[in-house]
Amino acid sequence: MKKSDLKKAIKNFPKHPNVLGRDRFFSSAVIIPLVKIKGEYYILFQKRAANIRQGGDICFPGGGFEQEVDKNFKQTALREIKEELGIKKKNIKIIGQLDTMVAPMGAIVEIFVGLLKKKTLKNMKIDKAEVEKTILVPVSFFKNKKPKEYTLRNEVKPYNINENGEKEVYFPADKLNLPEVYQKPWGNKRHKVWVYKYKKDVIWGMTSVILKDFIKKY
(Lines give C-alpha, C1' and ligand atoms only; values in the text may rest on other atoms or scores of the structure.)
Protein backbone atom coordinates (compact mmCIF):
# COMPACT_ATOMS: atom_id res chain seq x y z
CA MET A 1 0.00 0.00 0.00
CA LYS A 2 1.32 3.40 -0.99
CA LYS A 3 1.28 6.50 1.18
CA SER A 4 -1.33 8.02 -1.13
CA ASP A 5 -3.58 4.99 -0.53
CA LEU A 6 -3.23 5.46 3.22
CA LYS A 7 -4.18 9.14 2.93
CA LYS A 8 -7.22 8.18 0.88
CA ALA A 9 -8.22 5.60 3.49
CA ILE A 10 -7.89 8.14 6.30
CA LYS A 11 -10.21 10.52 4.43
CA ASN A 12 -12.77 7.72 4.24
CA PHE A 13 -12.69 7.01 7.96
CA PRO A 14 -16.12 7.76 9.49
CA LYS A 15 -16.50 11.25 10.91
CA HIS A 16 -18.92 9.88 13.50
CA PRO A 17 -18.05 6.22 14.24
CA ASN A 18 -21.11 3.98 14.33
CA VAL A 19 -21.81 0.25 14.62
CA LEU A 20 -19.67 -1.77 12.20
CA GLY A 21 -21.82 -3.54 9.61
CA ARG A 22 -24.97 -1.85 10.84
CA ASP A 23 -26.70 -2.52 7.53
CA ARG A 24 -26.62 -6.25 8.35
CA PHE A 25 -28.64 -5.70 11.53
CA PHE A 26 -32.31 -4.89 12.03
CA SER A 27 -32.24 -1.20 12.97
CA SER A 28 -35.15 0.14 14.98
CA ALA A 29 -36.22 2.84 17.41
CA VAL A 30 -38.54 2.91 20.42
CA ILE A 31 -40.00 5.53 22.73
CA ILE A 32 -40.35 5.21 26.48
CA PRO A 33 -43.55 7.26 26.90
CA LEU A 34 -43.96 8.98 30.27
CA VAL A 35 -47.18 10.56 31.46
CA LYS A 36 -47.80 12.40 34.74
CA ILE A 37 -50.97 11.36 36.59
CA LYS A 38 -51.84 12.85 39.98
CA GLY A 39 -48.26 13.89 40.63
CA GLU A 40 -46.69 10.55 39.69
CA TYR A 41 -45.02 9.51 36.45
CA TYR A 42 -46.20 6.39 34.64
CA ILE A 43 -44.74 4.46 31.70
CA LEU A 44 -47.10 3.61 28.86
CA PHE A 45 -46.45 0.10 27.53
CA GLN A 46 -48.29 -1.78 24.83
CA LYS A 47 -49.08 -5.47 24.45
CA ARG A 48 -48.47 -6.79 20.96
CA ALA A 49 -51.40 -8.37 19.12
CA ALA A 50 -51.39 -12.17 19.34
CA ASN A 51 -51.21 -12.81 15.59
CA ILE A 52 -48.02 -10.82 14.84
CA ARG A 53 -44.33 -11.57 15.39
CA GLN A 54 -43.56 -11.83 19.12
CA GLY A 55 -47.30 -11.64 19.74
CA GLY A 56 -48.38 -11.12 23.33
CA ASP A 57 -45.12 -9.49 24.42
CA ILE A 58 -45.16 -6.26 26.43
CA CYS A 59 -43.05 -3.61 24.73
CA PHE A 60 -42.49 0.08 24.10
CA PRO A 61 -44.01 1.73 21.02
CA GLY A 62 -41.55 1.50 18.16
CA GLY A 63 -40.42 -0.39 15.12
CA GLY A 64 -38.04 -0.69 12.23
CA PHE A 65 -36.22 2.15 10.52
CA GLU A 66 -37.57 2.73 7.00
CA GLN A 67 -34.90 4.37 4.87
CA GLU A 68 -37.37 5.61 2.25
CA VAL A 69 -39.53 7.31 4.89
CA ASP A 70 -37.44 8.19 7.94
CA LYS A 71 -34.75 10.88 7.98
CA ASN A 72 -33.45 9.67 11.34
CA PHE A 73 -34.27 7.30 14.20
CA LYS A 74 -36.18 9.92 16.13
CA GLN A 75 -38.54 10.17 13.18
CA THR A 76 -38.86 6.39 13.18
CA ALA A 77 -39.93 6.36 16.83
CA LEU A 78 -42.46 9.18 16.33
CA ARG A 79 -43.89 7.56 13.22
CA GLU A 80 -44.30 4.21 14.94
CA ILE A 81 -46.06 5.58 18.03
CA LYS A 82 -48.51 7.37 15.74
CA GLU A 83 -49.14 4.23 13.67
CA GLU A 84 -49.52 1.94 16.69
CA LEU A 85 -51.28 4.17 19.21
CA GLY A 86 -52.48 7.15 17.20
CA ILE A 87 -50.34 9.54 19.25
CA LYS A 88 -49.38 12.54 17.15
CA LYS A 89 -46.04 14.32 17.25
CA LYS A 90 -47.62 17.44 18.78
CA ASN A 91 -48.76 15.41 21.80
CA ILE A 92 -45.36 14.00 22.72
CA LYS A 93 -42.17 15.84 23.64
CA ILE A 94 -38.89 13.97 23.21
CA ILE A 95 -36.79 14.85 26.26
CA GLY A 96 -33.74 12.71 25.62
CA GLN A 97 -32.10 9.65 24.15
CA LEU A 98 -30.50 6.70 25.94
CA ASP A 99 -27.54 4.58 24.82
CA THR A 100 -27.91 2.48 21.69
CA MET A 101 -28.79 -1.14 22.41
CA VAL A 102 -27.22 -3.99 20.41
CA ALA A 103 -29.28 -7.10 21.12
CA PRO A 104 -27.79 -10.63 21.00
CA MET A 105 -30.34 -11.64 18.35
CA GLY A 106 -29.02 -9.14 15.80
CA ALA A 107 -31.09 -6.01 16.39
CA ILE A 108 -29.95 -2.46 17.06
CA VAL A 109 -32.34 -0.25 18.99
CA GLU A 110 -32.23 3.52 19.39
CA ILE A 111 -34.08 4.55 22.57
CA PHE A 112 -35.88 7.83 23.10
CA VAL A 113 -37.74 9.13 26.14
CA GLY A 114 -40.87 11.20 25.63
CA LEU A 115 -43.40 13.09 27.72
CA LEU A 116 -47.06 12.62 26.83
CA LYS A 117 -49.83 15.07 27.51
CA LYS A 118 -52.32 13.50 29.92
CA LYS A 119 -55.25 14.08 27.57
CA THR A 120 -53.47 11.91 25.00
CA LEU A 121 -54.51 8.78 26.90
CA LYS A 122 -58.18 9.46 26.17
CA ASN A 123 -57.57 10.26 22.51
CA MET A 124 -55.42 7.26 21.56
CA LYS A 125 -56.47 5.29 18.49
CA ILE A 126 -54.95 1.85 18.94
CA ASP A 127 -54.20 -0.17 15.83
CA LYS A 128 -55.71 -3.50 16.89
CA ALA A 129 -53.86 -5.28 14.10
CA GLU A 130 -50.63 -4.57 15.99
CA VAL A 131 -51.57 -3.75 19.57
CA GLU A 132 -53.92 -5.70 21.85
CA LYS A 133 -53.95 -3.16 24.67
CA THR A 134 -51.93 -0.51 26.51
CA ILE A 135 -50.68 -0.77 30.08
CA LEU A 136 -49.79 2.04 32.49
CA VAL A 137 -47.22 1.21 35.16
CA PRO A 138 -45.90 3.73 37.72
CA VAL A 139 -42.16 4.36 37.46
CA SER A 140 -41.99 3.87 41.24
CA PHE A 141 -42.97 0.21 40.77
CA PHE A 142 -39.76 -0.49 38.83
CA LYS A 143 -37.74 1.66 41.18
CA ASN A 144 -38.87 -0.34 44.20
CA LYS A 145 -39.26 -3.79 42.63
CA LYS A 146 -36.18 -5.76 41.65
CA PRO A 147 -36.66 -7.97 38.58
CA LYS A 148 -36.05 -11.71 38.64
CA GLU A 149 -32.81 -12.58 36.89
CA TYR A 150 -32.33 -15.50 34.50
CA THR A 151 -29.56 -16.57 32.15
CA LEU A 152 -29.89 -17.68 28.53
CA ARG A 153 -27.23 -19.44 26.50
CA ASN A 154 -26.37 -18.66 22.86
CA GLU A 155 -24.87 -21.37 20.65
CA VAL A 156 -23.60 -21.08 17.08
CA LYS A 157 -24.87 -23.89 14.85
CA PRO A 158 -23.01 -24.47 11.56
CA TYR A 159 -25.69 -26.99 10.60
CA ASN A 160 -29.11 -28.22 11.66
CA ILE A 161 -31.09 -31.44 11.39
CA ASN A 162 -34.54 -30.59 9.99
CA GLU A 163 -37.86 -32.27 10.67
CA ASN A 164 -37.14 -34.83 7.91
CA GLY A 165 -33.89 -35.87 9.54
CA GLU A 166 -31.85 -34.15 6.84
CA LYS A 167 -28.71 -32.18 7.60
CA GLU A 168 -28.88 -28.55 6.51
CA VAL A 169 -25.41 -27.03 6.32
CA TYR A 170 -25.15 -23.27 6.87
CA PHE A 171 -21.38 -22.99 7.20
CA PRO A 172 -19.13 -25.71 5.63
CA ALA A 173 -16.39 -25.54 8.24
CA ASP A 174 -15.09 -29.01 7.30
CA LYS A 175 -14.71 -28.14 3.61
CA LEU A 176 -12.94 -24.94 4.58
CA ASN A 177 -10.48 -27.05 6.63
CA LEU A 178 -11.23 -25.10 9.77
CA PRO A 179 -10.49 -26.62 13.19
CA GLU A 180 -12.83 -29.40 14.27
CA VAL A 181 -14.31 -27.23 17.03
CA TYR A 182 -16.07 -25.15 14.34
CA GLN A 183 -17.50 -28.21 12.56
CA LYS A 184 -20.10 -28.73 15.28
CA PRO A 185 -22.17 -26.33 17.43
CA TRP A 186 -19.84 -24.08 19.38
CA GLY A 187 -19.90 -21.17 21.76
CA ASN A 188 -21.23 -20.89 25.26
CA LYS A 189 -22.06 -17.22 25.46
CA ARG A 190 -24.53 -16.45 28.19
CA HIS A 191 -26.55 -13.30 28.63
CA LYS A 192 -28.81 -12.21 31.42
CA VAL A 193 -32.54 -11.74 31.09
CA TRP A 194 -34.56 -9.74 33.59
CA VAL A 195 -38.25 -10.33 34.22
CA TYR A 196 -40.71 -7.92 35.81
CA LYS A 197 -44.22 -9.04 36.69
CA TYR A 198 -46.85 -6.34 37.08
CA LYS A 199 -50.23 -7.75 38.08
CA LYS A 200 -50.85 -10.38 35.36
CA ASP A 201 -48.45 -8.97 32.79
CA VAL A 202 -44.84 -10.08 32.31
CA ILE A 203 -42.23 -7.67 30.99
CA TRP A 204 -39.03 -9.28 29.75
CA GLY A 205 -36.62 -9.49 26.81
CA MET A 206 -35.21 -6.35 25.21
CA THR A 207 -37.92 -4.28 26.89
CA SER A 208 -36.75 -5.25 30.37
CA VAL A 209 -33.11 -4.58 29.47
CA ILE A 210 -34.00 -1.09 28.26
CA LEU A 211 -36.25 -0.54 31.27
CA LYS A 212 -33.57 -1.61 33.74
CA ASP A 213 -31.10 0.83 32.23
CA PHE A 214 -33.68 3.63 32.23
CA ILE A 215 -34.54 3.09 35.91
CA LYS A 216 -30.86 3.32 36.85
CA LYS A 217 -30.93 6.98 35.76
CA TYR A 218 -33.19 7.85 38.71
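The values are calculated or read from the model by the stated rules, or taken from the named source; none is laboratory data. This structure is a prediction, so every number in the text was calculated from the model and none was measured. All Cβ positions, even for glycine, are placed from backbone atoms using ideal geometry, and neighbour counts span all protein chains on display.
Look at Trp204 and say whether it is under 19 Å from Phe141 (Cα atoms) and touching a helix residue (DSSP H, G or I) at 6+ places or on another chain (Cβ under 6 Å).
No.
Just wondering, is there one or more residues in the range 26-49 that are surrounded by fewer than 20 Cβ atoms within 10 Å (Cβ to Cβ), modelled with pLDDT under 90 and among the acidic types (Asp, Glu)?
No, that holds for no residue.
Might you let me know whether the range 3-13 holds any residue that is without any contact (Cβ under 8 Å) to a residue 24 or more places away in the chain and in a loop (DSSP other than H, G, I, E, B)?
Scanning the range 3-13 turns up at least one residue that is without any contact (Cβ under 8 Å) to a residue 24 or more places away in the chain and in a loop (DSSP other than H, G, I, E, B).
Show me the strands (runs of 3 or more DSSP E) found entirely inside the range 159-218 where at least 1 residues are among the hydroxyl-bearing types (Ser, Thr, Tyr).
Hits in the range 159-218: 159-161, 186-198.
Could you grab the pairs with beta carbons closer than 8 Å, sequence gap of 6+ or different chains, first residue in the range 134-156 and touching a residue at least 12 places away in the same chain (Cβ under 8 Å) and surrounded by fewer than 14 Cβ atoms within 10 Å (Cβ to Cβ), second one outside any strand (DSSP E or B) and of a type in the set (A, V, I, L, M)?
Leu136/Leu121; Lys143/Ile215
Can you confirm whether the range 66-75 contains a residue that is surrounded by 15 or more Cβ atoms within 10 Å (Cβ to Cβ) and under 15 Å from Ile210 (Cβ atoms)?
yes
Of all residues being among the aliphatic types (A, V, I, L, M) and touching a Leu at 6+ places or on another chain (Cβ under 9 Å) in the range 134-186, which is farthest from Leu44 (Cα to Cα)? Just the residue, please.
Filtering first and then ranking leaves Val139.
Would you call Glu84 within 21 Å of Thr120 (Cβ to Cβ), under 15 Å from the mean Cα position of the chain (by Cα), of a type in the set (D, E, K, R) and assigned to a helix (DSSP H, G or I)?
Taking the combined requirement at face value, the residue does not satisfy it.
Quick check, is Val102 touching a residue at least 40 places away in the same chain (Cβ under 8 Å) and not in a loop (DSSP other than H, G, I, E, B)?
It is true that Val102 is touching a residue at least 40 places away in the same chain (Cβ under 8 Å) and not in a loop (DSSP other than H, G, I, E, B).
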